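S.K.: Before I ask anything, here is the structure I am working with.
The values are calculated or read from the model by the stated rules, or taken from the named source; none is laboratory data. Keep in mind that this is a model prediction, so the values were computed, not measured. Backbone-built Cβ (ideal geometry, glycine too); neighbour counts: all protein chains shown. Protein only, heavy atoms only, side chains kept; ligands, DNA and RNA dropped before computing areas. Shrake-Rupley method; radii C 1.70, N 1.55, O 1.52, S 1.80 Å.
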Amino acid sequence: MTTMRELRNLAGLKEGAARARREQRRVLVSRTRLVNSVDPLSFFASATEYRGTRNFWSDPDRAVTLVGVGVAWELEINTGEDPYLKTGQEWGRLLQGAIRVPQESPTGTGPLLLGGFSFDPLAGKTPLWEGFSDASFILPQFLLTVTGRECWLTVNALIRPGEDVEQTAKRLTDKEDALLGEVADFHLSPPDRASFEMFEVEPDRWKKTVAAAAREIREGVIEKVVLARQLRLQSDKSFSPEASLYRLRERQPHSFLFAVERGEVCFLGASPERLVKREGERLYSTCLAGTTRRGEDPEEDQKLGEALLSDPKNRGEHAVVVHMIGEVFQRGCSQVRTPDSPSLYRVRDVQHLFTPVEGTPLPETTLLSMVQQLHPTPALGGFPQKEAVARIRETEGMDRGWYSAPVGWLDYRGDGEFACAIRSGLIRGREASLFAGCGIVGDSEPNSEYEETKLKFKPMLSALGGDSW
């Protein structure tokens, strides 16, 4: 006997089956409905059956939070192909003839990809980032979207020619009921403090690389390069993505939160830096470069912020970022709006120079085309862009993988948002690798840059349950 819930899940499936049979290809069917209020992190944590395929995303305002579990379709692109172009082409091909119920739904619902790109497709690969391709995206089987006070569940299915859609409807109904039942009974508790050992990866070599880069910049070889280093952690117990996200949500309330699981590995973080967002006929980006610590009290915090705003080195570094992002927006937009001077963007451990950029996209401009042109900004790679990335590839001495690369989401309308995956770490069982970098210019001093990276490690050290050094 067909239940009312199965009838609800049949919405669109029969039409999809008829189209699949007629065209002899798979057809995407996506159904979105309102559900009772659900804590998105509890949904992520309780979906243990889907471990290894879970994705979490939340913007700094918590206006849109997305949790994807399970795989309806996935895209993996490796070196040899343009990952941005190929992602757009494959996504567009999948959406052809797709059936959405209802036809229009709120932002962040319906067919939507979650994932990201590597920092440099031409860089050498190591086993550390196994499972994280140059582009890797998942169309989740189940997508929870929390927007303000509303909570939506999207179910995605690819229907094959000849598929028994009544059986498919029953299977999806059972899975959906199990997911919502598990989260309803789930209690998310504050995680305990963790302990681990920390190992800095060749800090003296990194300082020498900084000194050499600063010397080359003074000689006019390049204008700026961002050099990152790695911190490795070893614990007696496995690191928990759920506990880490819990701490990040509590302690980094003004940052993007993200987690991308690929098998036994999870890449997660709390980034303050938007790369680009598309919302209808508006594009937004963020210029974030120039960093200092937070003060111990409001008076000291204000003095540090004012010093940052007036510091020639940091203002110069910031101006390079504003100039580059502005040029990309001028090429891709009919109107561009940028403030004349930066303000301060404060998060828990550090404060940055901040300048927003907004534009109206030209007809041919897509979200992914802007991601491709903007990445990496001078705040993440250096300037000029190609020369800086080549210098990183030659001298940095580590596999960045997805660190400081674009991570985010893209929907069926072409809307979405990508952040720069900084303040981040890769966890694999009892081991974790954290990453932090600094923008190197002519007057950069190695020990000062080293201390800045220690500030930038703090959010993830705290997220993993330990104390900063």
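S.K.: Checking GLN302 against (1) outside any strand (DSSP E or B); (2) polar (S, T, N, Q); (3) within 29 Å of SER369 (Cα to Cα): exactly one of these is not met. Which one?
M.R.: For GLN302, the exception is condition (3).
So that you can scan it fast, the table gives a plain yes or no per residue for (1) within 27 Å of ARG62 (Cα to Cα); (2) open to solvent by 10 Å² or more (accessible area, probe 1.4 Å); (3) within 18 Å of the chain's Cα centre (by Cα):
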| residue | (1), (2), (3) |
| --- | --- |
| TRP402 | yes, no, yes |
| ARG423 | yes, yes, yes |
| LEU426 | yes, no, yes |
| GLU431 | no, yes, no |
| LEU434 | yes, no, yes |
| ILE440 | no, no, no |
| PHE457 | yes, no, yes |
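S.K.: Here is a follow-up. Out of curiosity, is VAL146 farther than 30 Å from THR395 by Cβ and modelled with pLDDT of 95 or more?
M.R.: yes
S.K.: Just for the range 66-101: of the residues that are of a type in the set (D, E, K, R) and touching a Pro at 6+ places or on another chain (Cβ under 9 Å), which one is surrounded by the most Cβ atoms within 10 Å (Cβ to Cβ)? I'd like the intermediate steps shown before the answer.
M.R.: As a first pass, look at the range 66-101 and keep what is of a type in the set (D, E, K, R): 74, 76, 81-82, 86, 90, 93, 100.
Narrowing the set further to residues that are touching a Pro at 6+ places or on another chain (Cβ under 9 Å) leaves 81-82, 100.
On the way: GLU81: 14, ASP82: 14, ARG100: 20.
Out of the qualifying residues, it is ARG100.
S.K.: Let me ask another. Restricting attention to the range 226-245, which residues are hydroxyl-bearing (Ser, Thr, Tyr) and buried (at least 21 other Cβ atoms within 10 Å of the Cβ)? Lay out the reasoning, then the answer.
M.R.: Going through the range 226-245, the residues hydroxyl-bearing (Ser, Thr, Tyr) turn out to be 235, 238, 240, 244.
SER244, the sole residue that qualifies.
S.K.: What do you reckon, is VAL155 within 27 Å of ARG278 (Cβ to Cβ) and either within 17 Å of the chain's Cα centre (by Cα) or surrounded by 22 or more Cβ atoms within 10 Å (Cβ to Cβ) (or both)? Let's see the steps before the verdict.
M.R.: Working: within 27 Å of ARG278 (Cβ to Cβ): yes; either within 17 Å of the chain's Cα centre (by Cα) or surrounded by 22 or more Cβ atoms within 10 Å (Cβ to Cβ) (or both): yes.
Spelling it out, VAL155 is indeed within 27 Å of ARG278 (Cβ to Cβ) and either within 17 Å of the chain's Cα centre (by Cα) or surrounded by 22 or more Cβ atoms within 10 Å (Cβ to Cβ) (or both).
S.K.: Wholly within the range 103-155, which strands (runs of 3 or more DSSP E) include no fewer than the required count, namely at least 1 residues that are among the hydroxyl-bearing types (Ser, Thr, Tyr)? First the steps, then the outcome.
M.R.: On the way: elements: 112-117, 135-139, 142-147.
Output list reads 135-139, 142-147.
S.K.: Which fully enclosed strands (runs of 3 or more DSSP E) of the range 25-84 have 2 or more residues being out of contact with any helix residue (DSSP H, G or I) (no Cβ under 7 Å at 6 or more places or on another chain) and of a type outside the set (S, T, N, Q)?
M.R.: Details: elements: 27-34, 55-58, 65-69, 73-77.
Counting at least 2 such residues, we get 27-34, 65-69, 73-77.
S.K.: Report, by residue number, each residue of the range 430-455 that is modelled with pLDDT under 95 and in a loop (DSSP other than H, G, I, E, B).
M.R.: Of everything in the range 430-455, those that are modelled with pLDDT under 95 and in a loop (DSSP other than H, G, I, E, B) turn out to be VAL441, GLY442, ASP443, SER444.
S.K.: Further question: For the range 108-141, enumerate the residues that are open to solvent by 10 Å² or more (accessible area, probe 1.4 Å) and closer than 30 Å to GLU23 by Cβ.
M.R.: SER133, GLN141
S.K.: Inside the range 392-416, can you point out the residues that are within 19 Å of ASN55 (Cβ to Cβ) and not in a loop (DSSP other than H, G, I, E, B)?
M.R.: Within the range 392-416, PRO406, VAL407, GLY408, TRP409, LEU410, ASP411, GLY416 qualify.
S.K.: Oh, and also: Return the pairs, sorted by first residue and then second, in which the second residue is assigned to a helix (DSSP H, G or I), the first residue lies in the range 300-314 and is without any contact (Cβ under 8 Å) to a residue 12 or more places away in the chain, the beta carbons are less than 7 Å apart, and the residues are 6+ apart or on different chains.
M.R.: So the pair list comes out empty.
S.K.: What number goes with the only condition from (1) closer than 24 Å to ASP204 by Cα; (2) of a type in the set (Val, Ile, Thr); (3) modelled with pLDDT under 95; (4) buried (at least 24 other Cβ atoms within 10 Å of the Cβ) that THR377 does not pass?
M.R.: (1)
S.K.: If we keep just the residues of the range 456-469 that are in a loop (DSSP other than H, G, I, E, B) and in contact with a helix residue (DSSP H, G or I) (Cβ under 8 Å, 6 or more places away or on another chain), which is modelled with the highest pLDDT? Working first, answer last.
M.R.: The initial filter retains those residues of the range 456-469 that are in a loop (DSSP other than H, G, I, E, B), namely 464-469.
Of the ones still in play, those that are also in contact with a helix residue (DSSP H, G or I) (Cβ under 8 Å, 6 or more places away or on another chain) are 464-465, 467-469.
Values: LEU464: 94, GLY465: 90, ASP467: 66, SER468: 55, TRP469: 50.
In this case the residue turns out to be LEU464.
S.K.: Follow-up question, since we're still on this one. Of the numbered conditions (1) touching a helix residue (DSSP H, G or I) at 6+ places or on another chain (Cβ under 6 Å); (2) more than 26 Å from ARG232 (Cβ to Cβ); (3) open to solvent by less than 20 Å² (accessible area, probe 1.4 Å), TYR412 fails exactly one; give the number of that condition.
M.R.: (3)
S.K.: In the range 207-298, which strands (runs of 3 or more DSSP E) lie fully inside it and hold 3 or more residues that are in contact with a Lys or Arg (Cβ under 9 Å, 6 or more places away or on another chain) and touching a residue at least 12 places away in the same chain (Cβ under 8 Å)?
M.R.: Values: elements: 224-235, 256-262, 265-271, 274-278, 283-293.
The strands (runs of 3 or more DSSP E) meeting that bar are 224-235, 256-262, 265-271, 283-293.
S.K.: Residues GLU445, GLU417: which one is under 20 Å from ALA213 (Cα atoms) and among the acidic types (Asp, Glu)?
M.R.: Details: GLU417 fails: under 20 Å from ALA213 (Cα atoms).
Step by step, each of GLU445, GLU417 is checked, and only GLU445 is under 20 Å from ALA213 (Cα atoms) and among the acidic types (Asp, Glu).
S.K.: For GLU223, only one of the following conditions fails: (1) touching a Ser or Thr at 6+ places or on another chain (Cβ under 9 Å); (2) surrounded by fewer than 19 Cβ atoms within 10 Å (Cβ to Cβ); (3) closer than 21 Å to HIS375 by Cα. What is its number?
M.R.: The number of the failed condition is (1).
S.K.: Condition first: modelled with pLDDT of 95 or more, in contact with a Gly (Cβ under 9 Å, 6 or more places away or on another chain) and open to solvent by 30 Å² or more (accessible area, probe 1.4 Å). Can you find one or more residues in the range 342-359 that meet it?
M.R.: No, every residue in the range 342-359 fails to be modelled with pLDDT of 95 or more, in contact with a Gly (Cβ under 9 Å, 6 or more places away or on another chain) and open to solvent by 30 Å² or more (accessible area, probe 1.4 Å).
S.K.: For PHE329, all conditions in the list (1) closer than 25 Å to GLY116 by Cα; (2) open to solvent by 30 Å² or more (accessible area, probe 1.4 Å); (3) part of a helix (DSSP H, G or I); (4) touching a strand residue (DSSP E or B) at 6+ places or on another chain (Cβ under 8 Å) hold save one; what is the number of the exception?
M.R.: (2)
S.K.: Run THR168 past the list (1) open to solvent by 20 Å² or more (accessible area, probe 1.4 Å); (2) under 23 Å from GLY12 (Cα atoms); (3) in contact (Cβ under 8 Å) with a residue 12 or more places away in the chain and report the number of the one that doesn't hold.
M.R.: Result: THR168 fails condition (1) only.
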